[in-house]
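Trainee: My structure is below; once you've seen it, I'll send some questions.
The values are calculated or read from the model by the stated rules, or taken from the named source; none is laboratory data. Not measured: the values here are computed from a predicted model. Cβ: placed from backbone, ideal geometry, glycine included. Neighbour counts: every protein chain shown. Protein only, heavy atoms only, side chains kept; ligands, DNA and RNA dropped before computing areas. Shrake-Rupley method; radii C 1.70, N 1.55, O 1.52, S 1.80 Å.
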Amino acid sequence: MEKKMARILRKIRGEPGLSEHEALLFARSLAASPDERWRLHENFLRSHDLFTRSSRRKYGFKSLE
């Protein structure tokens, strides 16, 4: 994934409106496989205490039931 991410980052580095950090995150998400993207998403939710339905409701997110 590192080589693919570096190639994508070189292509989008000069894109107006993207900071260096945003370009890095965007390149990482484009280079990831679907399983890797799902893992990144789950890790994001866990790190913000939003992984379970009850924790999302605690912060005011409505469930789609």
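Trainee: Heavy atoms only, probe 1.4 Å: what % of the accessible area of the chain goes to carbon and sulfur, would you let me know?
Mentor: That share works out to 56 percent.
Trainee: Taking the alpha-carbon set of the chain, what are its Rg and Dmax in Å?
Mentor: Both quantities, over Cα of the chain: 15.4, 43 Å.
Trainee: If you don't mind, there's one more thing I want to ask. Check the straight Cα-Cα distances from Lys3 and name the lysines below 24 Å, setting aside those fewer than 8 residues away within the same chain.
Mentor: Hits, sequence-local ones excluded: Lys11.
Trainee: Packing-wise, with mean Cβ within 10 Å as the measure, how do 24-35, 9-20 rank, highest first?
Mentor: So the order, starting with the most tightly packed, is 24-35, 9-20.
Trainee: Another question about this same structure. Give me the one-decimal nm value for the distance between modelled label points at Leu24 and Arg57, 7 Å along each residue's Cα-to-Cβ direction.
Mentor: It works out to 3.8 nm between the two label points.
Trainee: Another one. State in Å² the accessible area per residue of the chain; use a 1.4 Å probe, count heavy atoms of protein chains only, and round to the nearest integer.
Mentor: About 85 Å² of surface per residue is accessible.
Trainee: If you don't mind, there's one more thing I want to ask. Would you mind checking the tilt of helix 20-31 against the longest principal axis of the Cα atoms of the chain, expressed as 0 to 90 degrees and rounded to 10?
Mentor: The angle comes out at about 80 degrees.
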